[in-house]
Amino acid sequence: MSPVPVQPGVRAALATLVAAEGSSPRDAGARMWVDAEGRILGSVTIGGCVDARVIEEAGGVVARGQPVLLAMSLGDEDAMALGMTCGGTVEVLIEPVDAADPTDPVASAQRLVEAETAGGRAVALVAPLTGGVARLVVRDDGSTAGTLGLPALDAAAAAAAGAVIQGGRTGVYALRTPAGDARIYIERHTPPLTLAIFGATHVAMPLVALARVLGLRTIVADGREHFATRERFPDADELLVGMPSEIAERMSLGASSLVVLLAHDYKYDLPVLRTVLATPAAYVGVLGSTRRGRALLQFLAEDGIPADQLARVRVPVGLDIGARTPEEIALSVLAEALAVLRGRPGSAMRDRPSRRPATEGASHA
């Protein structure tokens, strides 16, 4: 979603799910934009009573220009309608936004977050849960932009946000400062997931299209100029033509990188895999049969690639959903990639253990 997806000059409200107690289908950070003309983009739950109440409150927030922290207790029936396994509570922060005002703290902070993550840097966005509209942006190097209104609060919030950047969770945190106690919302942002595809094949085409729907940045690399074309891949962020192994060496593959090899050719796959397995790429998948996969791994083992690195290679690629068409294969690949990224087994939802209720972040002195 665009950082500020409203037209300049059109007043709007930004609603952010800051906390959910109970097993919720949406995590903290889910957001909805409601403009003064009634247009809606996004949601904070999956519909039902919470979103309806948020939309109703948004009109008043826009009219008054003051934020509202909406807290709702849900009975079992309401919770089940939202996909929550039992009753619980949700908190939604609704704030006015004026995208045309260069001093608007929400719009300015959103643009800064977008610029930082686009540059490959993690960042934390901090908002107060009481008082007026304010934003503090904390970069991964510890520098800040904006303010929550008090130097002591900014200092405490920056320390808490730094811990969140290093692997903490988006959510509500309680602070103790010389100026008094405060509850703040810290939202962690990391560089966008990047899907690097080697092999501009018929499977790569729907893979890029579906990845775009999921918000991933996509790169398609191939040695054949007539395959890696804009006509075949209108949604790709980058099309790279050249020797795949050399392209792989030039890439900055990190923990937010997903790599899929679709060429189905040993002479291309082996050198690319040697390079990719030397990086911390989060996911490495290779199109091919089980037999071909064993041969690939054997070749790499003979080259001295350690067993723990070879274990990262997903071949055959994708979850077993009985995929047959290129579109179905693309779906199975992205499903497996996301499962690996989030440490999930990729099993049926009905077989998963119940998730514990989310708890408010720990206090920070």
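The values are calculated or read from the model by the stated rules, or taken from the named source; none is laboratory data. What you see is a predicted model, and the numbers here were worked out from it, not measured in a lab. We place every Cβ from the backbone using ideal geometry, glycine too, and count neighbours over all the protein chains shown. Heavy atoms of the whole protein, side chains included, go into the accessibility calculation; ligands, DNA and RNA do not. Shrake-Rupley method; radii C 1.70, N 1.55, O 1.52, S 1.80 Å.
Details
- The charge dipole of region 165-315, taken about its Cα centre with unit charges on the Cβ of Lys, Arg, Asp and Glu (plus for the first two, minus for the last two), comes to roughly 460 debye.
- Unit Cα scatterers, Debye sum, the chain: log10 I(q)/I(0) for q = 0.07, 0.09, 0.11 Å⁻¹: -0.37, -0.61, -0.87
- Candidates Gly146, Gly180, Gly293: whichever shows maximal mean-square fluctuation once the chain is modelled as a Gaussian network with Cα springs under 10 Å: Gly180
- Dipole moment magnitude, nearest 20 debye, the chain about Cα centre, only Lys, Arg, Asp, Glu C-beta charged: 700
- Peptides 264-276, 57-69 ranked from most to least packed, by the mean per-residue count of other Cβ atoms within 10 Å: 264-276, 57-69.
- Take the chain with all the other protein chains still there, run a 1.4 Å probe, and you get 49 Å² of accessible area per residue.
- Helix-derived mean residue ellipticity, 222 nm - over the chain, DSSP H n ≥ 4, -39500 (n - 2.57), to 500: -9500 deg cm²/dmol
- Listed residues Gly322, Gly162, Gly171, most fluctuating in the chain (Gaussian network, C-alpha, under 10 Å): Gly322
- Against the main long axis of the alpha-carbon atoms of the chain, helix 266-276 sits at an angle near 40°.
- Once the Cα atoms are used to define both axes, helix 49-64 deviates from the longest principal axis of the chain by about 60 degrees.
- Length gained on full extension, Arg169 to Asp181, computed as 0.36 nm times the residue gap minus the Cα-Cα distance: 2.3 nm.
- Region 124-244 shape via C-alpha gyration tensor axes, a/c threshold 1.5: prolate
- Cβ-based charge dipole, the chain, positive-most Cα from Ala278, Tyr173, Ala339: Ala278
- Region 30-51 residues near the modelled Met349 label - backbone nitrogen below 12 Å, point 7 Å along Cα→Cβ: 46
- Of Leu214, Leu175, Leu70, the one that fluctuates the most in a GNM where the chain has Cα springs shorter than 10 Å: Leu214
- Region 271-305-region 195-211 distance, computed between alpha-carbon centres (Å): 19
- Neighbours of Leu93 by Cβ distance under 12 Å: Lys/Arg scored +1, Asp/Glu scored -1, total -1.
- Along region 232-238 the Karplus relation, 6.51 cos²θ - 1.76 cosθ + 1.60 evaluated at θ = phi - 60°, assigns HN-Hα couplings of 7, 10, x, 9, 5, 6, 9 Hz to successive residues, with x for each Gly and Pro.
- Fraction of antiparallel bridges per DSSP, the chain only, in percent to nearest 5: 65
- Accessible carbon and sulfur surface of the chain relative to its total accessible area, %, 1.4 Å: 52
- Ranking Leu253, Ala236, Val126 by Cα position along the charge dipole of the chain, where only Lys, Arg, Asp and Glu carry charges on their C-beta atoms, puts Leu253 farthest toward the positive end.
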